Each structure stands twice: as C-alpha cells, then as structure tokens.
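One structure, as structure tokens, below. Some questions next.
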Amino acid sequence: MVASAWFGLRGGLSTALFISAAILPYIFTSNLETHELIDELAEIIFYFAIAILAGGLIQRELRAQKKAEDMRLQLERSQKMSLVGQIASGMAHEIKNPLASIKGAVEILSDKSTSEPDREEFNAIVQKEIKRINVSVTDFLEFARPSETKMMEVNLSKIVRSSIKQIQPQAGKRNIEIISNIEEPIAVNGDEEKLHQVMLNLLINAVDASPNATKLKVALNKDGETTFVSIEDSGEGISEENRDKIFEPFFTTKSSGTGLGLPIAKNIVERHKGTISLSNIDTGGAIAKIKLPLLNSGEQV
C-alpha cells in the first residue's frame, strides 16, 4: 500500500514481487499442510491484488492531477495572451489619437503662412498630446510591470494634503470646493511616490465625476492599528451595471483615459497590505475608501 501510494502501480507491483520472492522459499521448504499452502499462496495473490488496486487508483489520480495542472497552465497562458492583446490594443488606441493630433499640428506649423498666434496655439497642442502619450505609456508600463515598491516610514497626512493642493487648481476652475478633514500626523510604512499616485488618481476621478459648483470631501483618520482615507464626490454615483467592472483593466466611463488608473491604484494599495473600495452613498455621489495599516501595526487590516 505504501509503495503504491509513493510510486504508483509499478512501485506496488515491484514491492509485491519482492515480498513474494522472499517468502516463496519458506513456503516450499516448510512441509506445510495443503490448506496452509493454499493460505500462503492466497496471501501472495492478495499482495498483487492490493498492488494493482491501490497502484491503479493512485496512478489514475496522479494522471488526473497532471491533466488538471496542464489545463490550469494552459488557461493561465490564454489569460496572459488575452491580457497582452488588451494591452496592445489599448496602447494602440491611446497613442493613435494623440499622434493624429500631433501630425495635424506639425503640418500646420510647417506652413509658412501660419500666423504667430496660431503657431503658439498648435505648439501648445503638440506639447499637450506628447504629455498625454507619456501618461498613457507610463500607465501601461506600471500596469504591465509594476516598479519596485520602496517601503519606508512616510507621513500619509502630508501626502494627502500635497495631493489636494496639486488638484486644487483643476477643482477651482469648475468652482468645486474641497473640504478636508485630515488628522495629523499619521505615519505608515509605504512608498511615498506610489501612495501619492493613488491619492492623486482618486482625487482626479472625484473632481471629474463632480458637477460644477459642488463639494468634494476628503477625510483621513485612524482607529486602532488602521488608518482610513475617504474621498467623497458629488457626482451621479456608480451605475449597477458598472459596479463590478470599476477595477477591471481598460474599463472607463470617460471619453478619454486608459482605464488603468483604478486597477493600478488597487494594485499599489494591496502591495501596501491595504484594501480599496468604491461605492455609492445615500446622498448621491460615490465614495472611495482606503484602509492601510499604521506604522508598526502588522500587516492585517
């Protein structure tokens, strides 16, 4: 039984053969009675029966496991190839449109009859579209091959305030008031640049989702060994059909964008042993919530 379990059918049969070869000399030299001889020979047959039964079952199970593993690997390869196709398609789409704008602007700039004000305008378009391409490529690279997370003690309160300050001009143009309630100081173990990227991404999404002349609420506090960040917008919220798609790669409801902002944010937060969620609120709009372990509080959230 043990040999069959360890080595399959061949191991079980080899062990049964070895036992039989070892016991046969005793059987034929001991002048056993007929019924005793029959019992001994039946026992040898029983050894081979156990070897065939147990070894066959074990071998069949091993074949099934190998087949399942092969199918899993094939499925993983298919998923990877599908993801590569999505990345290539998304990148082509996001780069094609800015390139068309750049091409048209360069053609106008190369025309000697173009006035100086028009040259300045189209030069600004070229700069804007180049920046757009750079952002898209950066997002794709971060999603496809995330850069190393450099963990150290960081002031999360400072990161959130800095992100709010950075988004303030964009919000101010649309008369969106940002109301913040930030507890200080709150320290976490993390990568300052990547956490800033998450906060800025969520704030941009909140501003984009909010109508003009509304409010956006940002809060940062701690409870026990966990810190909580919430960003609440005044938009229409998340539709039922999109609720399960918001963290899927390349899904976006915006007219422009790669659809990688939230998946990248989720990946970064999870690498910091935290969680991120996005849900509707009763008063209208959506709220993004992030939970992160405080510094030296362990890895559980």
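Readers should treat all values here as calculations from the given coordinates under stated rules, not as data from a laboratory. Remember, predicted model here, so these are calculated numbers, not experimental data. Because the Cβ atoms are built from the backbone with ideal geometry, glycine has one as well, and the counts that use them run over all protein chains shown.
What number does the stretch 8-152 give for Rg over Rh if you use C-alpha atoms and the Kirkwood radius?
Value, to two decimals: 1.64.
Something else: Give the total of Lys-Lys pairs in the stretch 1-145 with Cα-Cα distances below 16 Å; include a pair only if its members are 8 or more places apart or on different chains.
Close lysine pairs under the 16 Å cut-off: 4.
Once fully extended, how much extra length lies between Gln166 and Ala144, figured as 0.36 nm per residue of separation less the alpha-carbon to alpha-carbon distance?
Length gained between Gln166 and Ala144: 5.3 nm.
If you build the convex hull over the alpha carbons only and average its shadow over all orientations, what do you get for the chain? Give it in nm² to one decimal.
27.5 nm²
Let me ask another. Loop sites only, by DSSP: take the GluC sites (Glu not before Pro) in the chain that have at most 12 other C-beta atoms within 10 Å and name the longest stretch containing none of them.
Answer from the scan: 149-298.
Quick check: residue separation of Gln65 and Ile27 times 0.36 nm, minus the Cα distance between them. What number comes out in nm?
Extending this stretch completely gives an extra 9.6 nm.
Looking at the square roots a ≥ b ≥ c of the eigenvalues of the Cα gyration tensor of the stretch 171-245, which shape do they give, rounded for a/c under 1.5, prolate if a/b is larger than b/c, or oblate?
Prolate shape, in that a/c is at least 1.5 and a/b is the bigger ratio.
Select from the stretch 153-260 those trypsin sites (Lys or Arg not before Pro) which occupy a DSSP coil region and have at most 16 other Cβ atoms within 10 Å, ordered by residue number.
Working: sites: Lys158, Arg161, Lys165, Lys173, Arg174, Lys194, Lys215, Lys217, Lys222, Arg243, Lys245, Lys254; in loops: Arg174, Arg243, Lys245, Lys254.
Here the sparse-neighbourhood loop sites are Arg174, Arg243, Lys245, Lys254.
So who's got an amide H within less than 5 Å of the one on Leu216, skipping anything under 5 residues away but keeping other chains? H placed 1.01 Å off N, in plane.
Here the answer is Glu177, Ile178, Ile179, since their amide H atoms fall under 5 Å of that of Leu216.
Still on this structure, I have one more. Evaluate E = 1/(1 + (r/R0)^6) for Val135 and Glu236, where r is the Cβ-Cβ distance and R0 equals 22 Å; express this FRET efficiency to the nearest 0.05.
Approximately 0.30, to the nearest 0.05.
For the stretch 196-236, build the charge dipole from Cβ charges (+1 Lys, Arg; -1 Asp, Glu) around the Cα centre, then report which of Asn205, Leu216, Gly235 sits farthest towards its positive end.
After comparing all options, I get Leu216.
I'd like the projected area of the stretch 85-194, averaged over all directions, using the convex hull of its alpha carbons. Report it in nm² with one decimal.
The number I arrive at for the stretch 85-194 is 10.4 nm².
Taking only the alpha-carbon positions of the stretch 197-236 and ignoring solvent, what does the Debye formula give for the base-10 log of I(q)/I(0) at q = 0.25, 0.26, 0.28 Å⁻¹?
Rounded to two decimals, the profile gives -0.82, -0.85, -0.92.
Which chymotrypsin sites (Phe, Trp or Tyr not before Pro) does the stretch 30-125 hold that lie in a coil by DSSP with at most 12 other beta carbons within 10 Å?
When the chymotrypsin sites (Phe, Trp or Tyr not before Pro) of the stretch 30-125 are filtered for loop state and at most 12 Cβ neighbours within 10 Å, nothing remains.
Next question. Gap in Å between the Cα centre of the stretch 102-127 and the Cα centre of the stretch 1-79?
82 Å
Efficiency by 1/(1 + (r/R0)^6): what FRET value for Asn155 and Ala92, r their Cβ-Cβ distance, R0 = 41 Å, to the nearest 0.05? All intermediate terms of the calculation are to be shown ahead of the outcome.
Numbers: r = 40 Å, r/R0 = 0.98.
It comes to 0.55.
If you build a Gaussian network model of the chain, linking Cα atoms that sit under 10 Å apart, which residue out of Lys112, Lys80, Lys150 swings the most?
The residue that fluctuates most here is Lys112.
Just to check I understand the Karplus step: with θ = phi - 60° and J = 6.51 cos²θ - 1.76 cosθ + 1.60, what whole-Hz values come out for the stretch 63-68, glycine and proline as x?
Per residue, the Karplus-derived 3J(HN,Hα) values read 5, 5, 5, 5, 5, 5 Hz.
May I pose another question? Hey, got the dipole for the chain? About the Cα centre, +1 on K and R Cβ, -1 on D and E Cβ, debye to the nearest 20?
Approximately 860 debye in magnitude.
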